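Encoded as structure tokens, the structure appears first; notes follow it.
The values are calculated or read from the model by the stated rules, or taken from the named source; none is laboratory data. It should be emphasised that the depicted structure is a prediction, and the values quoted were computed from it without experimental measurement. We place every Cβ from the backbone using ideal geometry, glycine too, and count neighbours over all the protein chains shown.
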Amino acid sequence: MSVAHFVIQFLVGLANAMFLFLIASGLSLIFGVSRILNFAHGSFYMLSAYLAYTVIAWLSPSPGAFWVALVVAPAVMAALGGLVEILLLRRIYQAPELYQLVLTFGLALIAGDAVRYFWGTTNKTVSAPPLLAGSISVLGQPLPLYYLLVIAFGPLAALGLWWILYRTRWGILVRAATEDREMVAALGMDHSWLFTMVFVFGTWLAALSGALVTPLVALTPGMDTTVIVEAFAVVVVGGMGSFGGSLLASLLIGELSSFGILVLPRISLVLVFALMAVVLILRPWGLLGRPLAEVRGEALTAARKPALSRVTPLAVAGLLTGLALLPLVLPPFYLLVGVEVLVFALFALSLQLLMGYGGMVSFGHAAYFGLGAYAAALLTTKAGLSWPVALAAAPAMAALGGLLFGVFCVRLTTIYFAMLTLAFAQITYTVAHQWYDFTGGDNGILGVWPPAWLAGPTRYYLFTLGVVALAVTLLGLLVRSSFGLAIQAIRDDPRRALGVGLNVRQHQLVLFVVAAAFAGLAGALFAFQRGSVFPDYLFVEKSIEPLVMVLLGGVREFAGPLVGALVFKLLDTVVTAYAEYWGAVLGLILTGLVLLFPQGLIGTGVPQFRRGCRRLTGRGR
């Protein structure tokens, strides 16, 4: 690489770092003060970019169109963020943080379909403002002038944020709330409006980045998911709630991505999440962050005491008989839906094993679902193994992945554990996405079908029902066993469990591997039902789905994931069939369920439902 190419890549990486810094700073502030894991943060970035595109189109060919859009779009998004916080998030601050994650996930679904409705699915582009059109020569290599604006704007934005946070009374309150929000409330500060102002400010930062980036990238409806994952990486590497950490991590990741594409193009996407994993392993609270207060970990898993539902063997037998007789009354399409319900019920139950019984919340459980699917596909299509062998080997391969990642994950707790699982899942996703020679990349692996004796919806449905029923039985026996009781004791009080002689990490690692194996089995069943495997099976959105299912059904109930999977997949299927913009409808339903059923569908009693209704109408905060 010549000196000129090095300088150009450095400047491009510096510009990208500035965008990441703005987004991650807002995300870090929001989480530091309100503890909200805001999955919709990237949606404000995306909506601002599209709104800026619209404002520029309206005002063209005025030379000031871009600058007006740069002011208007972030301001509108900041106001929208304030409404979201006041009308929705403020009503569930007392709920476990995972429910807030589900609500913001629903908002992200709504925002994604709003973009498709108003702007369509084709890519949109924005030209640089006339003042910054064209390029300049840097050591004989062209560099767009617009990059100079971004590079110059970055330090000014960082200096402005530093002044706000360290030289104003509001900034001091924000930093104090990041350290101890309960103490700020005890001193008389109206923390609800502080939360609102921080959310508005954080949203404005993300929206400003979205408006700024429009001349450099094509606007697509899925750009929010990509940027939120990168923003999480920046926040984790730098340290949650750390302004300086966000700046440092943005520079590291921006430059790593820029040079990675040039030097190591085949693994460039892996480098960011590898850095995230290394930092979490060596310094979980980030390069410049501080360990989070223990209360945050408690909030993360507040609803964490599941119990086996009180059902009799006769009731179970009756349920299985009824499910087995469904092929007599349902058409083939609904049997295929039934297979998906069963598969995702097992997937969600494997996560429930980790989260409900082990107290370990994973944001990357799709890694093992995808590993099982890819193992089954590769063993049948490339290794030429028989179908039963491939199906049996799939959970073993997923368990191996769980062992490899779990050794590092179980060393961490609370949000650090969750973020490390996300990092490992994204590494697995990027490997599958970029290793075309082995995994097929985004073309996937096709022709993954069960043998002839299982061909047809009825046969495969009955086979899946039998496998899932056996798996659920084994999981039920596991949580009732001495190991299950030990892992629940560790969940409730790790120090006391350690004091009575339990090997905490060893038990947690075994649980992690077992959960990975059952997720891998679900992935293999899903691959054979679909006849194909794609990298999307490993992506972060696939990890969110079982989390939503667990919370919908009720994290306190063993049967909660089963009910949650049924409701989620039926909603998905019905809404997709009858509504063009199914994501928005599903997002609205998820939002309503979080507000009305704070402990899940089967975990919420009548009093809790009434309180949810009062929260929804604003009479019971």
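General observations
- Looking across region 108-162, the residues that are among the aliphatic types (A, V, I, L, M) and in contact with a Pro (Cβ under 7 Å, 6 or more places away or on another chain) come down to Val115, Val126, Ala128.
- Residues satisfying the stated conditions in region 328-378, i.e. polar (S, T, N, Q) and part of a helix (DSSP H, G or I): Ser350, Gln352
- Count of region 135-148 residues, restricted to those that are part of a strand (DSSP E or B) and of a type in the set (A, V, I, L, M), is 3.
- Qualifying residue in region 568-589 (condition: more than 22 Å from the chain's Cα centre (by Cα) and in contact (Cβ under 8 Å) with a residue 24 or more places away in the chain): no
- Within this structure, Trp204 passes the test of being modelled with pLDDT of 85 or more, under 21 Å from Leu47 (Cβ atoms) and outside any loop (DSSP other than H, G, I, E, B).
- Listed by first and then second residue, the pairs linking a residue in region 250-262 that is at pLDDT below 85 to a residue that is assigned to a helix (DSSP H, G or I) and hydrophobic (A, V, I, L, M, F, W, C), with Cβ atoms under 6 Å apart and 6 or more places separating them unless they lie on different chains, are Gly260/Leu271.
- The residue of region 404-438 that is surrounded by the most Cβ atoms within 10 Å (Cβ to Cβ), among those that are in contact with a Pro (Cβ under 7 Å, 6 or more places away or on another chain) and not hydrophobic (A, V, I, L, M, F, W, C), is Tyr429.
- In region 119-137, the condition of being more than 19 Å from Val12 (Cα to Cα), in the same structural domain as Ser246 (by TED's automatic domain parsing) and among the aromatic types (Phe, Trp, Tyr) is met by at least one residue.
- Flag for Ile487 being assigned to a helix (DSSP H, G or I), modelled with pLDDT under 90, over 17 Å from Ala527 (Cβ atoms) and assigned by TED's automatic domain parsing to the domain that holds Pro546: no
- The condition of being surrounded by fewer than 24 Cβ atoms within 10 Å (Cβ to Cβ), in the same structural domain as Trp119 (by TED's automatic domain parsing) and among the aliphatic types (A, V, I, L, M) does not hold for Leu47.
- Total residues in region 379-388 satisfying the condition of being part of a helix (DSSP H, G or I) and surrounded by 13 or more Cβ atoms within 10 Å (Cβ to Cβ): the figure is 4.
- Residue match in region 453-466 (condition: surrounded by 14 or more Cβ atoms within 10 Å (Cβ to Cβ), assigned to a helix (DSSP H, G or I), basic (Lys, Arg) and under 27 Å from the mean Cα position of the chain (by Cα)): no
- Qualifying positions in region 474-514 - closer than 22 Å to Phe369 by Cβ and either among the hydroxyl-bearing types (Ser, Thr, Tyr) or in contact (Cβ under 8 Å) with a residue 40 or more places away in the chain (or both): Leu475, Gly476, Leu478, Val479, Ile487, Gln508, Leu509, Leu511, Phe512, Val513, Val514
- Against the numbered list (1) in contact with a strand residue (DSSP E or B) (Cβ under 9 Å, 6 or more places away or on another chain); (2) buried (at least 22 other Cβ atoms within 10 Å of the Cβ); (3) of a type outside the set (A, V, I, L, M, F, W, C), Gly106 comes up short only at (1).
- Restricting region 535-549 to residues that are touching a Ser or Thr at 6+ places or on another chain (Cβ under 9 Å) and hydrophobic (A, V, I, L, M, F, W, C), the residue that is nearest to Ala515 (Cα to Cα): Leu547
- Scanning region 18-36 for residues that are in contact with an Asp or Glu (Cβ under 7 Å, 6 or more places away or on another chain) and closer than 15 Å to Ala206 by Cα turns up just one, Leu20.
- Residue in region 528-551 that is modelled with pLDDT under 85 and either crowded, with 19+ Cβ neighbours inside 10 Å or of a type outside the set (Val, Ile, Thr) (or both) present: yes
- Region 133-174: number of residues that are in contact with a helix residue (DSSP H, G or I) (Cβ under 7 Å, 6 or more places away or on another chain), free of Cβ contacts under 8 Å to residues at least 12 places away in the same chain and not β-branched (Val, Ile, Thr): 3
- If you go through region 185-200 and pick out every residue that is at pLDDT below 85 and of a type in the set (Val, Ile, Thr), you end up with 0.
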